[in-house]
1. Of the residues that sit in segment 201-224 and are among the hydrophobic types (A, V, I, L, M, F, W, C) and over 22 Å from the mean Cα position of the chain (by Cα), which one is nearest to ligand 2 (Cβ to nearest atom)?
2. Hey, could you check segment 75-130 for residues that are within 15 Å of Asp62 (Cβ to Cβ) and in contact with a strand residue (DSSP E or B) (Cβ under 6 Å, 6 or more places away or on another chain) and say which is farthest from ligand 1 (Cβ to nearest atom)?
3. When you go through Ser14, Ser88, Ser38, Ser83 one by one, which is the residue that is within 16 Å of ligand 2 (Cβ to nearest atom), assigned to a helix (DSSP H, G or I) and either touching a helix residue (DSSP H, G or I) at 6+ places or on another chain (Cβ under 9 Å) or open to solvent by 20 Å² or more (accessible area, probe 1.4 Å) (or both)?
4. Working only within segment 256-294, note down all residues that are farther than 24 Å from Ile208 by Cβ, out of contact with any helix residue (DSSP H, G or I) (no Cβ under 9 Å at 6 or more places or on another chain) and of a type in the set (A, V, I, L, M).
5. Return yes or no: is Pro94 farther than 29 Å from Lys341 by Cα, at pLDDT 95 or above and either open to solvent by 60 Å² or more (accessible area, probe 1.4 Å) or of a type outside the set (Val, Ile, Thr) (or both)?
6. Go through (1) within 11 Å of ligand 2 (Cβ to nearest atom); (2) touching a strand residue (DSSP E or B) at 6+ places or on another chain (Cβ under 8 Å) one by one and return the number of the condition Phe195 breaks.
7. Can you name the residue in segment 91-104 that is in contact with a helix residue (DSSP H, G or I) (Cβ under 6 Å, 6 or more places away or on another chain) and among the hydrophobic types (A, V, I, L, M, F, W, C) and, of all such residues, is nearest to Ile29 (Cα to Cα)?
Amino acid sequence: MHILLTGGAGFIGSNFVKMVLAARPNVRITNLDVLTYSGNLENLSDVQNHPRYRFVKGDILDTATVAPLMEEADCVVHMAAESHVDRSIMDSGPFIRTNVVGTQVLLDCWRRSRGGERVSKQAGRFVYVSTDEVYGSLPLGRPELLFTEQTPLKGNSPYSASKLGGDVLASAYHHTFGMDICITRCSNNHGPYQFPEKVIPLFVTNLIENKQVPLYGDGQNVRDWLHVDDHCEAILTVLEKGRSGEAYNIGGNNEKSNLELTHAILWLMGKGPEMIKPVADRPGHDRRYAIDASKIKAELGWEPTRSAWPKALESTVRWYVDNQAWWRNVKSGAYRAYYEKQYGNRG
Ligand code: NAD
Ligand code: TYD
């Protein structure tokens, strides 16, 4: 099998490439990535010369690049995206272009490469890697409420609205053209190679640099944390065994408030609460995400095996402590200008 993967030089994509090459001896991967600020070929240095792996630098919006790659592929795993909520609040344009229009370009190219108007189910699967953020926000104090695949979709940030655009387009192409499409909706990931604008690597690397950690608002917002390897296994499971046209939630029942998460990181790093800097809240900040993943567990037999708290967090924190060259490189240059703009006047 030959997978065309989009966005494979980012956090989840690079972990997915390595996991699939190791776990599936008959699978080849072509990684199409334009290398935005969050795409980094250093994430893939271990496999750059692997005989079953190929990197192509290109934009998912560019039909001339995408179409020939699709002719060679048996299936598509589409995870290229603009992925950071705070950046989408600064400027939503790149989010709409890549996450909505880019998804439309890929879906149309895939449809044409599989024969056009009405596509046979055997023509090859397209997996759209969506997010739990397309379900909007849950209230605090109602632990019985979880996102299921039936929860109505609602995009509260420009990021989640753009992912929702791609998500409903993927469903529409299944419905209209009969294409073999599955959608995954996963909760917040953590693990190696996550760009240090996201909360866990940002906080760990700030603490190593002896900087405070900027905690938004009252710190009571809740996220449901999953180790990236569990997410990657779930995506592979859906690619291989998912039912066509279905969406699958992915999560590890690991709900933590940001304050709990921050204290856990401080404790692991041997730092005190004086390192917390309360800052102005993110506009429109979703209160709580919590995933009911019973469908993928019951139908496809997937279970998270690496996300148990606090061991999973500990291993992620350890990775950033042990791999300082990686993130110090990333945190220099253009990243500094972003950090100054995002956090400079928030105190
Ligand atoms: P990331 O920002 O680390 O990686 C995104 C990758 O996409 C980068 O390598 C970037 O260069 C590439 N890319 C962006 N625009 C492109 C374009 N126009 N053409 C080609 N490549 C392009 O993001 P991530 O955290 O690895 O997330 C991957 C996917 O998983 C995204 O679709 C995201 O919405 C989804 N997701 C992420 C999480 C999470 O917690 N990180 C949770 C659920 C779902
Ligand atoms: P983030 O990693 O940006 O993921 P998402 O917004 O997609 O869930 O943020 C996770 C949580 O951490 C979110 O509730 C916002 C909060 N947060 C902070 O408190 N401070 C920060 O500097 C960042 C980046 C996030």
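1. Restricting attention to segment 201-224, the residues satisfying the condition of being among the hydrophobic types (A, V, I, L, M, F, W, C) are 202-204, 207-208, 213, 215, 222.
Subsequent filtering for residues that are over 22 Å from the mean Cα position of the chain (by Cα) retains 207-208, 213.
Details: Leu207: 13, Ile208: 16, Val213: 7 Å.
If we take residues in segment 201-224 being among the hydrophobic types (A, V, I, L, M, F, W, C) and over 22 Å from the mean Cα position of the chain (by Cα), then Val213 is nearest to ligand 2 (Cβ to nearest atom).
2. Trp110
3. Details: Ser14 fails: within 16 Å of ligand 2 (Cβ to nearest atom); Ser38 fails: assigned to a helix (DSSP H, G or I); Ser83 fails: assigned to a helix (DSSP H, G or I).
Checking each option against the conditions leaves just Ser88.
4. Ala280 - this is the single residue of segment 256-294 that is farther than 24 Å from Ile208 by Cβ, out of contact with any helix residue (DSSP H, G or I) (no Cβ under 9 Å at 6 or more places or on another chain) and of a type in the set (A, V, I, L, M).
5. Values: farther than 29 Å from Lys341 by Cα: no; at pLDDT 95 or above: yes; either open to solvent by 60 Å² or more (accessible area, probe 1.4 Å) or of a type outside the set (Val, Ile, Thr) (or both): yes.
Judged against the criteria, Pro94 is not a match.
6. Looking at each condition in turn, Phe195 falls short on (2).
7. Of everything passing the filter in segment 91-104, Val100 is nearest to Ile29 (Cα to Cα).
Conditions tested, residue by residue: (1) within 12 Å of ligand 2 (Cβ to nearest atom); (2) out of contact with any Ser or Thr (no Cβ under 8 Å at 6 or more places or on another chain).
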site: Lys256; (1), (2): yes, yes
site: His263; (1), (2): no, yes
site: Gly270; (1), (2): no, yes
site: Pro304; (1), (2): no, yes
site: Lys311; (1), (2): no, yes
site: Asn323; (1), (2): no, yes
site: Trp327; (1), (2): no, no
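The values are calculated or read from the model by the stated rules, or taken from the named source; none is laboratory data. Being a predicted model, the structure only gives us computed values, none of them experimental. Cβ coordinates were reconstructed from backbone atoms using ideal geometry, including for glycine residues, and neighbour counts include every protein chain displayed. Accessible surface areas use protein heavy atoms only, side chains included; no ligands, DNA or RNA. Shrake-Rupley method; radii C 1.70, N 1.55, O 1.52, S 1.80 Å.
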